[in-house]
Amino acid sequence: MTFTTVLFYVFAAIMVLASLRVITAKNPVHAALFLVLAFFNAAGIWLLLKAEFLAIVLVLVYVGAVMVLFLFVVMMLDINIDRMREGFWGYLPVAAGVGGLIVLEMGAVLWHGYSNFQQTPEAAALNIGGTKELGLQIYTRYIYGFEIAAVVLLVAIIAAVALTLRRRKDTKAIDPGQAVRVKRNDRLKIVKVETVNQRAIDAANVEKAAAAAAASAAAAAAAAEPKEPK
């Protein structure tokens, strides 16, 4: 067993485990991070197959752009995780059956494709699978599929924005239209306040305090004077 084969089995095992954790993790953020791990291991497998361009595109596009968008949507949406996981085990048999059917179909397609595959010396000399040849195949032979994938991604972006900007009662969002149409009287209110002479108020308070002190002293002096017997 060569070192390349060992790396393939390591990448494949980690990718399978990460894929299982994507659908079994309770926290959606953790599921998205496990999906990032699966993408990195898939990129490693592409590197082993000498498809460097596909590996780089997988990391840059899916990990650097699509998964960041998924994480933003997951963190912005108010997702009730407990409610989403209700009935998970009830749908598990159906999901397992559909997943097994998809695996069998993909296996049949790959088996049929590789059984009839014969690489000619001309194809090996042209380095089929490189960036130039891949671009020629995408924009000539597979142009319709490429455009359909672009439309699907555009619809996904619009749906993510629509879900993020939906109206919710528990958010303090600001309507940009109302902010633009606001008037001066809606933001600023001028109140007329009478001027106050603080020095006069302080002098009056001092006079009241002095008068109260004099009255208190007079009352004390009157109480202290001896009374004449009758």
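As a calculated quantity, the FRET efficiency between V103 and L71 at R0 = 30 Å, using C-beta atoms, amounts to about 0.60. On the principal axes of its alpha-carbon atoms, region 1-60 has extents of 37, 27, 10 Å, going from largest to smallest.
Rounded to two decimals, the Cα-based Rg/Rh of region 1-114, with Kirkwood Rh, is 1.02.
Were the residues from V151 through I201 laid out at 0.36 nm apart, the gain over their Cα-Cα distance would be 10.3 nm. A simple spin-label model places the labels of K26 and A160 2.7 nm from each other, with each point 7 Å out along Cα-to-Cβ.
From most to least packed by mean Cβ count within 10 Å, the peptides 52-63, 104-115, 152-163 give 52-63, 152-163, 104-115. If R0 is 35 Å, the Cβ-Cβ spacing of L134 and L188 corresponds to a FRET efficiency of close to 0.05.
Summary value for region 1-57: 34 percent relative contact order, contacts being C-alpha pairs under 8 angstrom separated by 6+ residues.
Applying 0.36 nm per residue to the separation of A211 and I56 and subtracting their alpha-carbon distance, the gain on full extension is 46.7 nm.
Laboratory data are not the source of any read-out in this text; all were calculated from the coordinates shown. Note that the coordinates shown come from a computational prediction; the quantities given were computed from them, not determined experimentally. Cβ: placed from backbone, ideal geometry, glycine included. Neighbour counts: every protein chain shown.
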